[in-house]
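Every read-out reported here was derived from the displayed coordinates using simple, explicitly stated rules and does not represent laboratory data. Predicted, not measured: the structure shown is a model, and the values here were computed from it. As a convention, Cβ positions derive from the backbone with ideal geometry for all residues, glycine included, and neighbour counts pool all protein chains shown.
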Amino acid sequence: MESRKVLEPREVAAGDVMLEASGIDKSYPTPLGPLVVLHDLDLKVMRGTILAIVGVSGVGKSTLLNILGTLDHADAGRLAVRGVPIQDMGERELANLRARKLGFVFQFHHLLPEFTAEENVMMPLLIAGASQTSARSRAHEALSLVGLHERRLHRPSALSGGEAQRVAVARAIAPEPDLILADEPSGNLDTASADHLHELLATLAHDQHRTLVVVTHNDRLARTADRVLTLRDGRLWPSAE
């Protein structure tokens, strides 16, 4: 197996709050009246930690993650990334925040099939305005970190499911985001590939001081987290040991 590149840890300020949400409400209209998904929800995530959010299907975990990632809007409440409030940002500012400060990993890798692994990882960097040279260099670094530098010129169809998902992780971390949001990142993988991905995510948080919020049904992934919260009745609760 190809060895992973180890990067120097970044400086971390003790007690640094990466993400803070307060009073988050979200509901959807139905013929029978509003369906309340999130109600007066509070959350604080410290830098360099992994938070796992668990809960039964349909409880609103993905909705919460989308709100935290500014892909969806809360009906009420406040959200701040590194102390910067986002509720008053316009769409251009939010797009810039997502491009430069946030990374996303979903259950399905969503790689562009006509591009190589390297090109897929370069894409968000180029969109954010990086030069071809800079984007390629950072893509090489990110793919080395996830153990796929030798597979960088392969298209998604030539990669295994676990490899494709690791490319998706490389794409998420290539812009060096402050916060990575992952929605069932190992839900489509076999046990061995899932365990490999879980180890990688733990390395990113604890060795690289990146912050991860992970929605998952996978108990093995949840056990790698520094904190596990259960979404129930619209709020987050400490999970039972």
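The simple spin-label model puts a point 7 Å past each Cα toward its Cβ; for residue 95 and residue 239 those points are separated by 3.6 nm. In a reduced charge model with +1 at each Lys and Arg Cβ and -1 at each Asp and Glu Cβ, the chain shows a dipole moment near 260 debye about its Cα centre.
Computed extension length for residue 78-residue 158: 24.5 nm, one decimal, from 0.36 nm per residue of separation with the Cα-Cα distance subtracted.
Compute the helix-to-body angle for 117-127: its Cα long axis versus the longest principal axis of the chain, expressed 0 to 90° and rounded to tens. Its long axis makes an angle of about 60 degrees. Relative to the longest principal axis of the Cα atoms of the chain, the long axis of helix 132-145 lies at roughly 80 degrees. Remark: spin-label model distance residue 28-residue 44 equals 3.2 nm, labels positioned 7 Å along the Cα→Cβ axis. For the chain, the residue among 64, 165, 132 whose Cα projects farthest onto the positive side of the dipole built from Cβ charges is 132. Ranked by how many other Cβ atoms sit within 10 Å of their own Cβ, fewest first, the residues 86, 127 fall in the order 127, 86. Starting from one equal scatterer on each C-alpha and no solvent at all, send me the Debye-based log10 I(q)/I(0) for the chain at q = 0.07, 0.08 Å⁻¹, two decimals. Cα-only, vacuum Debye calculation for the chain: -0.23, -0.30. Subtracting the Cα-Cα distance of residue 207 and residue 86 from 0.36 nm times their residue separation leaves 40.7 nm of extension gain. Net charge of the neighbourhood of residue 37, taken over other residues with C-beta under 13 Å away and scored Lys/Arg +1, Asp/Glu -1, is -1. Helix 91-101 versus the longest principal axis of the chain: what angle, 0 to 90°, nearest 10, using Cα atoms? Value to nearest ten degrees: 50.
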